[in-house]
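Input: a single structure, listed below in structure tokens.
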Amino acid sequence: MAAVTEVWVNRKDYRETKIVNVDRRELEAGEIRVAIDKYGLTANNVSYAVSGDMIGYWKFYPAADHWGKVPVWGMADVVESNSDSIAVGERLWGFFPMASETILKVGKVSDDAFMDATPHRLELPALYNNYRRSVGEPDYLKSLEVERCLLFPLFLTSFVLYDYLKDNDYFGADQVVIGSVSSKTGFGLAYFLHQDKQDGKQVVGLTSAANAAFVKQLDCCHQVVEYGREADISSAHKTAYVDMSGNRSLTETLHHQFGDNMIESCMVGVTHWEQRGAVSALPGATPAFFFAPGQIAKRDKEWGPGKFFEKASEASAGIAEKISKDVTIEHVKGAEAAANIWVSMLNNEVAPSRGIMVSVGGA
């Protein structure tokens, strides 16, 4: 049988990659083989690698020894099926490896989705085991494939964060400070907060000097502050800090600046992954890692299964449409190119105005 091409990443040195060709295997009962057409690559995938052992991202598609397969959000076509529920030719959106194809095991099925039932994945967050079936989805989603791969997963996280803050009455905060606001999850959250005129929270975005103009162009923050100028942010207001950067030094600086007025400190991403590290005891709220599936599960119980996802998808589509003119889509094809752009993402060499779509099986 033909070989499957995969990009593996060293779990101890994320910059080291290797391209692996493995033989196809026969499908077992209930399994489907999908050809991964394209996927989005963002700083979010770097976060998956950095927190891979803590959250379990490496477990979705295990690799041998000290290697791992970084999961990505992409579109795929069913090319072989041993399932009575999913037919050859169906188009899927979901959580895949950086590879030309993979095998999924079909579990619970609905008109527009199914759950992967691979035994080792059952203990992992259900959010990532859900695969959307284009055949049963509204037309507006079918026309937004690039946006779904590149932006929806990030804006979904943005929406979960927004809902989490709102659900907790912002912990009493008057302003929300967002670290690495130029990241797509960062400016997505800023958009949701900024457009909520009823709550009227001050939105402050922290970013590099190189990305400040891009963030200002998005018009999603009341104040954009460059790193090194954190003192420009008023510390007189009760503040919720949402950190996409993972920069330990930045977290310490802000906590000491705001003191007891830092009433919520939420760690989400690691765009500054090489500056990460454990923080010592700090003034104000204790920094805590935010686990999006936990808030989604809470809402599924309160609103009914799938309702939160529907709201988040609609909201994500709205923001994607607004910022489409500010992001230039680039298509990267082939395994070598896929490995190279991964390293560029690690090295912070991909400007936030670039939207990277990758096809490992492309030529």
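Check 143, 183, 110 and return the single one that is in contact with a Gly (Cβ under 8 Å, 6 or more places away or on another chain), more than 17 Å from residue 95 (Cα to Cα) and outside the structural domain of residue 238 (by TED's automatic domain parsing).
110
Name the single residue, out of those in segment 38-60 being among the hydroxyl-bearing types (Ser, Thr, Tyr) and within 13 Å of residue 97 (Cα to Cα), that is surrounded by the fewest Cβ atoms within 10 Å (Cβ to Cβ).
Of everything passing the filter in segment 38-60, 48 is surrounded by the fewest Cβ atoms within 10 Å (Cβ to Cβ).
Would you check which residues across segment 117-173 are acidic (Asp, Glu) and over 21 Å from residue 198 (Cα atoms) and list them?
Hits for segment 117-173 are 123, 137, 139, 145, 147.
In segment 241-263, how many are surrounded by 23 or more Cβ atoms within 10 Å (Cβ to Cβ) and either closer than 16 Å to residue 170 by Cβ or among the acidic types (Asp, Glu) (or both)?
Residues that pass the stated criteria total 5.
Output yes when any residue across segment 20-37 is exposed (fewer than 15 other Cβ atoms within 10 Å of the Cβ), within 21 Å of the chain's Cα centre (by Cα), in contact (Cβ under 8 Å) with a residue 60 or more places away in the chain and not in a loop (DSSP other than H, G, I, E, B), and no when none is.
Looking for residues that are exposed (fewer than 15 other Cβ atoms within 10 Å of the Cβ), within 21 Å of the chain's Cα centre (by Cα), in contact (Cβ under 8 Å) with a residue 60 or more places away in the chain and not in a loop (DSSP other than H, G, I, E, B), one finds none in segment 20-37, hence no.
Can you name the condition, by its number, that residue 305 falls short on among (1) outside any helix (DSSP H, G or I); (2) within 26 Å of residue 76 (Cα to Cα); (3) in contact with a helix residue (DSSP H, G or I) (Cβ under 9 Å, 6 or more places away or on another chain)?
The failed condition is (3).
Are there strands (runs of 3 or more DSSP E) fully within segment 100-157 with at least 3 residues that are in contact (Cβ under 8 Å) with a residue 60 or more places away in the chain and hydrophobic (A, V, I, L, M, F, W, C)? List them.
So the answer is 101-110.
What's the total number of residues in segment 167-191 that are part of a helix (DSSP H, G or I) and surrounded by fewer than 22 Cβ atoms within 10 Å (Cβ to Cβ)?
5
When segment 106-121 is examined, which residues are found to be under 19 Å from residue 139 (Cα atoms) and surrounded by fewer than 17 Cβ atoms within 10 Å (Cβ to Cβ)?
The answer is 110, 111, 112.
Condition check: crowded, with 16+ Cβ neighbours inside 10 Å, modelled with pLDDT under 80, of a type in the set (Lys, Arg) and not assigned by TED's automatic domain parsing to the domain that holds residue 45. Does residue 276 satisfy that?
Answer is yes for this residue.
Residues checked against (1) more than 19 Å from residue 130 (Cα to Cα); (2) in the same structural domain as residue 263 (by TED's automatic domain parsing); (3) of a type outside the set (D, E, K, R); (4) under 18 Å from the mean Cα position of the chain (by Cα):
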| site | (1), (2), (3), (4) |
| --- | --- |
| 287 | yes, yes, yes, no |
| 300 | no, no, no, no |
| 304 | no, no, yes, no |
| 314 | no, no, no, yes |
| 332 | yes, no, yes, no |
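Can you tell me which of (1) buried (at least 21 other Cβ atoms within 10 Å of the Cβ); (2) at pLDDT below 95; (3) small (Gly, Ala, Ser); (4) over 30 Å from residue 325 (Cα atoms) is the one residue 126 doesn't meet?
Among (1) buried (at least 21 other Cβ atoms within 10 Å of the Cβ); (2) at pLDDT below 95; (3) small (Gly, Ala, Ser); (4) over 30 Å from residue 325 (Cα atoms), residue 126 violates only (1).
State all residues of segment 130-150 that are modelled with pLDDT of 85 or more and in contact with a helix residue (DSSP H, G or I) (Cβ under 6 Å, 6 or more places away or on another chain); if no residue qualifies, say none.
134, 147
The values are calculated or read from the model by the stated rules, or taken from the named source; none is laboratory data. What you see is a predicted model; the values in this text were computed from it and never measured. Reconstructed Cβ throughout: ideal geometry from the backbone, glycine too, with neighbour counts over all protein chains shown.
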